[in-house]
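Presented below is the structure to which this report refers.
Here, each number is a calculation from the coordinates, and none is a lab measurement. Every value quoted in this text rests on a predicted model; they were computed, and no experiment measured them. Every residue, glycine among them, receives a Cβ derived from its backbone with ideal geometry; neighbour counts consider all protein chains shown.
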Amino acid sequence: MNLDFLRYFLDRTGFSAEAGKALMDSARRLSGVVCPYSPQSSLKKTVEAFYENGLKIELVKPFIEAAADRSGIHPYTLWLLFLIEAAIPARQAYAQKSIADDVFWDTFTDLRYKADECRAMYGVWGNFVSSWYPIFYSCSIVKLGRLEYENAVYPWDEPYMCRGVTVRKGDPVKSIHIPSSGEPFDAASRLDSYRRAWDFFQKELQDRPLICTCHSWLLYPQNRQILPPSSRVVDFMDDFDLLRAEPDPAFSNSWRIFGADCQLPPDRLPERTSMQRAFKRWLCGGNVTGCGFGILIFDGNSIVSR
């Protein structure tokens with residue numbers, strides 16, 4: 001593994017000293033590991049194969065499994081080390097697309113957010129959602145201010161129309177993601193992000209409105225009953241015109257609120273934050289959560305779709 005790049009990556013993206021030491025120690029251990037029965041015998045060769053075969057993340061699994069077996073390093077830690085090593089050619093790819101280096105680093109700081117989540121959930125510095133990342137290495141997502149914007153298409157058969165703008169199935173849109181960065185999530189921060197995105201995508205927009213979609217548990221309509229009107233989640237919901245909603249009785253996103261305690265029965269869930277307390281009350285009342293799909297149209301100054 002390229003230890004110099006790893007060290008720089010950890011520093012540039014703000015990993016904690018504890019995380020940095022653990023990951024550097026694991027990387028040094030990995031450097032002496034040979035996996036002769038793996039299709040790719042080293043991390044570097046695995047990265048090369050990943051790029052040569054269409055960024056198919058499943059092709060990396062044999063190396064991760066073999067390296068974990070031979071080194072004793074947790075698979076989630078190995079996934080994170082792989083994703084960081086794979087950021088070397090990704091940085092070059094972003095530059096070739098004339099994407100500023102600062103935008104690249106802001107975007108790949110997502111690996112630190114996910115490492116913090118992995119530590120909270122499983123007690124190791126790593127990554128447990130590797131399947132999410134091919135869009136990063138294909139330069140299909142950028143973080144602009146508080147939010148991330150992924151290249152996507154409008155999925156619904158029924159066109160969406162608002163103030164002279166029509167969005168049809170297959171039309172390009174930007175899918176918004178909300179990383180767990182801990183940054184401010186107030187209206188001003190979101191508006192700043194929308195403005196940055198409108199500027200960033202001007203080459204393809206050519207002064208047309210920025211059309212964004214979002215599919216998230218944050219947009220579930222019942223959140224208005226779960227959370228107080230002053231909640232920034234509710235405020236975020238108001239940015240979108242809600243088009244679809246579906247319940248999620250299993251509450252698959254509960255870990256985002258309760259962390260490693262998400263498997264506990266509702267009456268034993270923690271109450272450390274106002275959001276935890278609100279969702280615990282809701283769940284103890286026998287209610288379910290869900291997800292919503294919304295659309296946002298931004299003209300460079302304001303949201304015109306609400």
key: Most fluctuating residue given options Pro228, Pro179, Pro265, as computed from a GNM of the chain linking Cα atoms under 10 Å   = Pro265
ask   = What is the P(r) of the stretch 3-137, as percent of Cα-Cα pairs per 10 Å bin from 0?
value = 12, 46, 36, 6, 0
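Output the relative contact order of the chain, whole-number percent, from Cα pairs under 8 angstrom with separation of 6+ residues. Walk me through the numbers before you get to the answer.
On the way: 451 pairs, mean separation 42.1, N = 306.
Normalised by residue count, the contact order of the chain is 14 percent.
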key: 23 Å Cα cut-off, lysine pairs counted over the chain (separation 8 or more, or different chains)   = 21
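Cα-Cα pairs above 26 Å in the chain: how many percent? If you can, show how the numbers build up before the last one.
Values: 24279 of 46665 pairs.
When every Cα pair of the chain is considered, 52 percent fall beyond 26 Å.
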request  = Work out Dmax and Rg for the stretch 155-211 from the C-alpha atoms and quote the Rg first, both in angstrom.
outcome  = 13.5, 36
Extension gain from Ser230 to Arg306, taking 0.36 nm per residue of separation minus the Cα-Cα distance = 25.5 nm
request  = Find me the longest stretch of the chain that has none of the exposed chymotrypsin sites (Phe, Trp or Tyr not before Pro), where exposed means in a DSSP loop (not H, G, I, E or B) with at most 15 other Cβ atoms within 10 Å.
outcome  = 157-306
remark   = Taking Cα atoms only, helix 17-31 is inclined relative to the longest principal axis of the chain by an angle, in degrees rounded to 10, of 50
query = Which of the trypsin sites (Lys or Arg not before Pro) found in the stretch 177-282 are loop residues per DSSP with 11 or fewer other Cβ atoms within 10 Å of their Cβ?
reply = Arg272
inquiry  = Taking 8 Å as the Cα distance limit and 6 or more residues as the minimum spacing, I'd like the relative contact order of the stretch 97-219 as a percentage.
reply    = 22
query = Any idea what Rg and Dmax come out to for the stretch 121-278 if you just take the C-alpha atoms, in Å?
reply = 17.3, 53
task = Tell me what the chain gives for mean residue ellipticity at 222 nm when only DSSP H runs of n ≥ 4 count, each as -39,500 (n - 2.57), the sum divided by the residue total, rounded to 500 deg cm²/dmol.
result = -12500 deg cm²/dmol
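Percent relative contact order of the stretch 3-137, based on C-alpha pairs within less than 8 angstrom and at least six residues apart? List each step's numbers first, then the result.
Numbers: 140 pairs, mean separation 36.8, N = 135.
About 27 percent, as a whole number.
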message = With a cap of 13 neighbouring Cβ atoms within 10 Å, and only residues DSSP puts in a loop, list the GluC sites (Glu not before Pro) found in the stretch 55-162.
response = none
task = Taking the chain as the reference, fit the longest principal axis to its C-alpha atoms, fit the long axis of helix 110-122 to the helix C-alpha atoms, and give the angle between the two in degrees, 0 to 90, nearest 10.
result = 80
Quotient of Cα Rg and 2.2 N^0.38 Å for the stretch 89-135, N being how many residues it contains = 1.33
ask   = Roughly how tilted is helix 274-284, in degrees to the nearest 10 and between 0 and 90, from the longest Cα axis of the chain?
value = 80
ask   = Computed over the Cα atoms of the stretch 230-303, what is the ratio Rg over Rh, Rh following Kirkwood?
value = 1.06
